[in-house]
1. In segment A:415-428, how many residues are away from chain B (no Cβ under 11 Å) and either crowded, with 21+ Cβ neighbours inside 10 Å or of a type in the set (Ser, Thr, Tyr) (or both)?
2. How many residues does segment A:312-336 hold that are free of Cβ contacts under 8 Å to residues at least 60 places away in the same chain and either within 11 Å of chain B (Cβ to nearest Cβ) or under 20 Å from residue A:492 (Cα atoms) (or both)?
3. Being within 12 Å of another protein chain (Cβ to nearest Cβ) and modelled with pLDDT under 85: is that true of residue B:127 here?
4. Among the candidates A:339, A:285, single out the residue that is of a type outside the set (D, E, K, R), within 9 Å of another protein chain (Cβ to nearest Cβ) and touching a strand residue (DSSP E or B) at 6+ places or on another chain (Cβ under 9 Å).
5. If you go through segment A:110-121 one residue at a time, how many are within 19 Å of residue B:151 (Cα to Cα) and either surrounded by fewer than 21 Cβ atoms within 10 Å (Cβ to Cβ) or facing another protein chain (nearest Cβ under 7 Å) (or both)?
6. How do the helices (runs of 4 or more DSSP H) wholly within segment A:376-466 filter down when requiring 3 or more residues that are at pLDDT 95 or above and more than 22 Å from the chain's Cα centre (by Cα): which remain?
7. For residues that are in a loop (DSSP other than H, G, I, E, B) and β-branched (Val, Ile, Thr), tally how many sit in segment B:214-251.
8. Give the number of residues within segment A:501-556 that are of a type outside the set (Gly, Ala, Ser) and assigned to a helix (DSSP H, G or I).
Amino acid sequence: MSNEKKSRNNPPLIEVCSVSFSYGRNNTGRALNRVSFFVAKGERAAILGHNGSGKSTLAKIIGGIIDPSEGSCMVNGKDIREIDFRELRSTVGMLFQDPENQIVAAMLEDDVAFAPENQGLSPEEIQLRVDMALAQTDMLRKKDSAVSALSGGEKQRAALAGVLAANVECLILDEPTAMLDPSGRLKIEKVLRYLHAEGMTIIQITHQLEAESFSDIQKVIVLSEGGVKWQGSVNDFWENAESLGFTVPDSLKIKRYCDSHGIKFPEGLAELKPSAKISTPETKYDDKFLVDGLSFKYDENSYALKDINADIHAGEWLSIIGKSGSGKSTLVQHLNALYKIQEGKIYFDGQPLPQKGEEVYALRQKAGLVFQNPEDQLFSSTVKDELAFAPKNAGFKGELLDEAVIYGLECAGLSRDFLARNPIALSGGERRLVAIASVLSAKPEVIVLDEPLAGLDASYQRKILGMLSRLRDEGKTIITVTHDLDMALHYSDRILILRDSRVINEGRPYEIIHDIMGSVKPEAWPEVLRVSAEVRKVNPDFPLIYDYEEISRCLQ
Amino acid sequence: MSAINMNLGQYVPTGSIIHRLDPRAKLISMLLIISAIFPSKTYWGIIIWCGVLWGLVCASKISWRSVLRSAKPVFFLAVFTLIFHIIAGLFRDESLTVSVISGVFMSIRLVILMMFAVMLPLTTSPLELADGLDAMLRPLSRFRFPVNEVSMMIAMALRFIPLLMEETDRIIRAQVSRGARIGQGNIFQRVKSFMPILIPLIVIIFRRADEIAVAMEARGYDGGTSRTRRKPLIWRWKDTITVMISAVCVGMFIEIGL
């Protein structure tokens, strides 16, 4: 709190005065409309907005990459357009979503040195800046590494070090954790907290406030359709979050309830008696896939998969969870013969999985795979052609083909006027839906999705979750590969945990909750689970609950 | 981790004496050696060059496996050369043994040449390589040749080739999983079957290029005219000696006619 007061009284570092921006001429394609706000020196602010709200454009204007069409942006009281290039670049630094697109050199130290080299410093000063930036981002022990040897989270910290080496006063972050797994995200947040405590001004652009960062954020600016819809403190924001179209974190909802009913949070919850486990009857099932002793190596020394045994039931939703590099993607790519089996067996509907010939194409029609990044597959000039690609390959012709395209479109909840549109020109969320539709159009029995929610805002996440639940209810088998424990616990019927190329456990969420908790750090647990784990410290009989619905039921 | 694992001479840092040489010295030596291997005609010549290569790989502390893997694409070319040579020999009425022997000789020479060539990127980081080229091309800036831009372009290309390889691999998987039949059918169908890979790749390259340009500008890159270096290139005695040894070797080879 003292921090907040301190920075409130500071002079503004960034001042956005009535900024408008249009991509087209004569005010067409307006992305921003009369946006005004300021961020004081040493303050940490979040600019919140849904996909397409104009927040990335705003980031580029504050960062001095593009000039506003109208209005002005001031840095330290000076118009950004009048600041000397080198001075501006050593005041304001920018970090973007994809670390691969920010790292320019193959070796870590060479990359971090890029900004001070551009500033024309001496070799000694450059080395000093590099060491300093690597220390700030906790990357010193990776000093001599090649960038390609770093994990996703480490790459993003390397990119952050590259920005800090310019010795900036202000950091602008555009969705810096959207592509990272929970542990990578937590580490970045830790670095940001440290930098903020050291006096750095931070402006974070995001579509959803992450639970781990909101206690550190002082100011929230909500952007909608190119204009500032709301601004204020983070506590006031949560009061209004729902009306602004953002989801309130579960833990906050519980805390609010406790506050309004005079229950001490979280200890007071220990007195409650939540209903025990939801008992769902054991139903008979058929195996869709049976994986028996599957092992796979990319090279002689390291296993990507080691002795994997798994049943995937027909008509269930299975989530496969595990850290990056635990073998999740390799496993699911075996299911439609993208990888040839080296050791072990896989059965599909009781038959050995085909490995070559026409049968493989038949398998690929039955078991569709949606990759994480829609850019990896969209190639047609219209959505219609894109949706026709998979069914055409599977031998659909004429009316059947047209019908398949419409089926895919409708499953994904897209309207018919999408058919004539160009997939590349769609928004990120729409592209994801088209990519899913382009797999569904072949009418598969099994749909495998790799991180289907990553990087999407809440409304698209809801759309996709609704779609997958519907498809499962229609009898399709859904397999999701994900870091998102919330999704895995709430939506899937069963969970398979992978660690270091092996299966740790497989079962219904309630049955294997301890193994799920053990698979990630406590900070990355779903919030309700964290609350109930807190309560268990007081009352060890309190059950482990991950479902907000359930905890709220027993609160009433 | 990718299916089309073509690590075209990706830098392998081992910190050996070869790694620590000035990139300019390595560039010059490589050019000298390659220009001497080209005209070498005798078995003795090839054997000696094999010895030199062996010494170089040992000194660089890089595993033979990495070297061979980097030179892999050239093996196909070598086999092709051999077959072509044999067929050409048939037309020239040479005996089969003669054309096989001379074909094998040519193929081996090609492989050795390529292995020398890949030692440069294996022992030199892309940035060093670009800095070396930059320094060597510097005189050309007098003729308005954009030296800064060209060397940055080369460094970026070297940095992004492995990444684009991975990307291509992912695209192929995404399309194959939707039932794409790549490289099947007649010539027309084959060419057409590559479009679902080519188009996403081009879109991704452009998108990346755009984002990288913004990120570089945000880090203060303005064309690089007044850039300094964390590790400025320093020409030491060992660099002079390296170039001299290579020059003497090459001179001797040409003189003796090996």
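The values are calculated or read from the model by the stated rules, or taken from the named source; none is laboratory data. Predicted, not measured: the structure shown is a model, and the values here were computed from it. Cβ atoms come from the backbone with ideal geometry, glycine included; neighbour counts cover every protein chain shown.
1. Here the count works out to 2.
2. As a first pass, look at segment A:312-336 and keep what is free of Cβ contacts under 8 Å to residues at least 60 places away in the same chain: A:330, A:333-334.
If we keep only those that are either within 11 Å of chain B (Cβ to nearest Cβ) or under 20 Å from residue A:492 (Cα atoms) (or both) as well, we get A:330, A:333.
Matching residues across segment A:312-336 total 2.
3. Details: within 12 Å of another protein chain (Cβ to nearest Cβ): yes; modelled with pLDDT under 85: yes.
Yes: the conditions hold for residue B:127.
4. Values: A:285 fails: within 9 Å of another protein chain (Cβ to nearest Cβ).
After applying the criteria, what remains is A:339.
5. Applying the first criterion (within 19 Å of residue B:151 (Cα to Cα)) to segment A:110-121 yields A:110-120.
Now narrow it down to the ones that are either surrounded by fewer than 21 Cβ atoms within 10 Å (Cβ to Cβ) or facing another protein chain (nearest Cβ under 7 Å) (or both): A:110, A:113-115, A:117-120.
Residues that pass the stated criteria total 8.
6. Numbers: elements: A:383-393, A:398-411, A:428-440.
Those helices (runs of 4 or more DSSP H) span A:383-393, A:398-411.
7. Residues of segment B:214-251 in a loop (DSSP other than H, G, I, E, B): B:219-236.
From what's left, β-branched (Val, Ile, Thr): B:225, B:228, B:234.
Residues flagged as in a loop (DSSP other than H, G, I, E, B) and β-branched (Val, Ile, Thr) within segment B:214-251 amount to 3.
8. Residues of segment A:501-556 that are of a type outside the set (Gly, Ala, Ser), as a first pass: A:502-506, A:508-517, A:520-523, A:525-531, A:534-551, A:553-556.
Narrowing further to those that are assigned to a helix (DSSP H, G or I): A:513-517, A:522-523, A:527-531, A:534-538, A:548-551, A:553-555.
Final tally of qualifying residues: 24.
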